[in-house]
Amino acid sequence: MTPVHIRLRDALQPWRSASGWCVALSGGLDSTVLLHLLASLAQREALPPLSAIHIHHGLQAAADAWPAHCRELCADLSVPLQIEYVQVASGASLERAAREARYAAFAARLGIGELLLIAQHRDDQAETLLFRLLRGAGVQGLSAMPMSRALGGGQLVRPLLNCSRDELLAYACEHKLAWIEDPSNADERFSRNYLRRQVLPVLLSRWPQAATNMARSAAHLSESAQLLDELAQQDIAAARVSAEFAWLRLPNLALPTLRSLSEPRQRNALRYWLRPLTAMPDSEHWAGWQALRDAAPDAAPVWKLAAGELRRSDERLWWLAGDWLRSPVPVNVTVQDNQQLVLPANGSVRIDGQLPAGNWQLGYRQPGDQILLPGRGNRDLKRLFNELRVPAFVRDRLPLLRLDNQVVAIANLPGMQGAADGSWQLHWQPPTNDQGLS
């Protein structure tokens, strides 16, 4: 067994009980060697079921021949192959669009507990570190490519990160493997190709251990990033004190808790909290956070980010996205008992119970609206919302029920959402934050 076999087997040891191992097979040198290594290992010892997937982007004429090459390779190794044809969205970055289409196909393919095995190696890790360093990445970015991460119903794993490209090339030559040379890999208009072909060879000629050392630095930075995440988890947990209006189902944090932290720690906590929700600005573009944090108590500041916005209300931060960024369409409809209505860009509302006879209409608040509360008379809605500390961004969305043009119920607000005897209630299901993220 070769040293590459041994390192590969050791790298995959934590996932020996996976429901399947699927190789991302481009047909190039790296993925061809990975598939051959695994197929030879499978002849020696029991492994999870092995398969391969090839993604056809259709971006160049030469790529039309690649599926046939992959079929032949997999047939020789007795490995099942799945070929997926994807559409690449047009945009400024063809590289990024192709990557997003590819990983979306991978995620859709992976079943529960399956592994997607990517053939990226130590030289790729060094290239990624250098590329991100030139872009001014922080600790999280400079930790480069992790050994594993969640993807779809399973895990993405890079088991060759401890192997060099030269080792893979030597293995391929020794076993007389054939592979595809992607013409686009020679196009130095792409930044990564330029680094790979022009920059890294110069570094390696002067410092032969440069790739190994950069990969080691990436591992150190990955450890530092993990520590920063653990610190952020503690800070976010402290800021997630119980809040009113839990029925909004919106991510929110207590601003005073965040304010008590140092500025670097504030940014670290917010990056961690918002990472699953939106792309974050670089360290030089956080003025929006400072304005949000330091605004006067009666202000309604907003920090707009790539996939949504942070709003502040009553010393809490609220994350809004999806329909929350769209103004609800005005409604004024007659309602009936036990009826559920979909509200355009504002979730849905239902009436539980039996309404007394009368002219019942559903709508939103209007200037000067008052609510008739049993035993308390008419109350001005604006003043009432202030007293109850209803978040400002919610007030024009709260469904109201009117009887003969008099507001008699406000959805979801205790003591105001229906009849005093509980015979009927107005319930609002707010919109969600759901939307596609790149």
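The values are calculated or read from the model by the stated rules, or taken from the named source; none is laboratory data. Here the structure is a predicted model, which is why all the values come from computation and not from measurement. Positions of Cβ are backbone-derived with ideal geometry, glycine not excepted, and every protein chain shown enters the neighbour counts.
Cβ separations smaller than 6 Å between residues 6+ apart or across chains give the following pairs from the range 221-239 residues that are over 14 Å from ARG267 (Cα atoms) and of a type outside the set (Lys, Arg) to residues that are part of a helix (DSSP H, G or I) and at pLDDT 95 or above: ALA238/THR257. Is at least one residue of the range 399-411 closer than 27 Å to THR432 by Cα, touching a Ser or Thr at 6+ places or on another chain (Cβ under 7 Å) and either in contact (Cβ under 8 Å) with a residue 40 or more places away in the chain or of a type in the set (Gly, Ala, Ser) (or both)? Within the range 399-411, not a single residue is closer than 27 Å to THR432 by Cα, touching a Ser or Thr at 6+ places or on another chain (Cβ under 7 Å) and either in contact (Cβ under 8 Å) with a residue 40 or more places away in the chain or of a type in the set (Gly, Ala, Ser) (or both). When residues in the range 316-341 are screened for being touching a strand residue (DSSP E or B) at 6+ places or on another chain (Cβ under 7 Å) and either of a type in the set (Val, Ile, Thr) or not in a strand (DSSP E or B) (or both), 9 of them pass.
Residue by residue, here is whether (1) touching a Pro at 6+ places or on another chain (Cβ under 7 Å); (2) of a type in the set (Gly, Ala, Ser) holds:
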| residue | (1), (2) |
| --- | --- |
| SER184 | no, yes |
| PRO201 | no, no |
| MET214 | no, no |
| PHE245 | yes, no |
| GLU263 | no, no |
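Kindly indicate the residue of the range 172-207 that is of a type in the set (Phe, Trp, Tyr) and surrounded by 14 or more Cβ atoms within 10 Å (Cβ to Cβ) and also modelled with the lowest pLDDT among those meeting that condition. Taking the candidates together, the pick is PHE190. Regarding the range 75-89, can at least one residue be identified that is part of a helix (DSSP H, G or I), at pLDDT 90 or above and surrounded by 14 or more Cβ atoms within 10 Å (Cβ to Cβ)? Within the range 75-89, one or more residues are part of a helix (DSSP H, G or I), at pLDDT 90 or above and surrounded by 14 or more Cβ atoms within 10 Å (Cβ to Cβ). Note on the range 50-66: residues that are over 24 Å from LEU169 (Cβ atoms) and surrounded by 11 or more Cβ atoms within 10 Å (Cβ to Cβ) total 5.
Among strands (runs of 3 or more DSSP E) entirely within the range 358-429, having at least 2 residues that are under 28 Å from ASP323 (Cα atoms) and not aliphatic (A, V, I, L, M) singles out 360-363, 424-429. Of the residues making up the range 1-49, those that are over 21 Å from GLU174 (Cβ atoms) and outside any loop (DSSP other than H, G, I, E, B) are LEU12, GLN13, PRO14, TRP15, GLY20, TRP21, CYS22, ALA24.
Considering only residues in the range 256-278 that are at pLDDT 95 or above, outside any helix (DSSP H, G or I) and polar (S, T, N, Q), the one that is nearest to LEU228 (Cα to Cα) turns out to be SER262. Counting only helices (runs of 4 or more DSSP H) that sit completely within the range 137-213, those holding 3 or more residues that are out of contact with any strand residue (DSSP E or B) (no Cβ under 6 Å at 6 or more places or on another chain) and touching a residue at least 40 places away in the same chain (Cβ under 8 Å) correspond to 139-142, 165-174.
Which residue pairs have Cβ atoms under 7 Å apart, sit 6 or more places apart or on different chains, and have a first residue in the range 350-372 that is exposed (fewer than 14 other Cβ atoms within 10 Å of the Cβ) and a second that is assigned to a loop (DSSP other than H, G, I, E, B)? Short answer, once both residue conditions are applied: GLN354/ASP337; GLN354/SER423; GLY358/ASP404; ASN359/ASP404.
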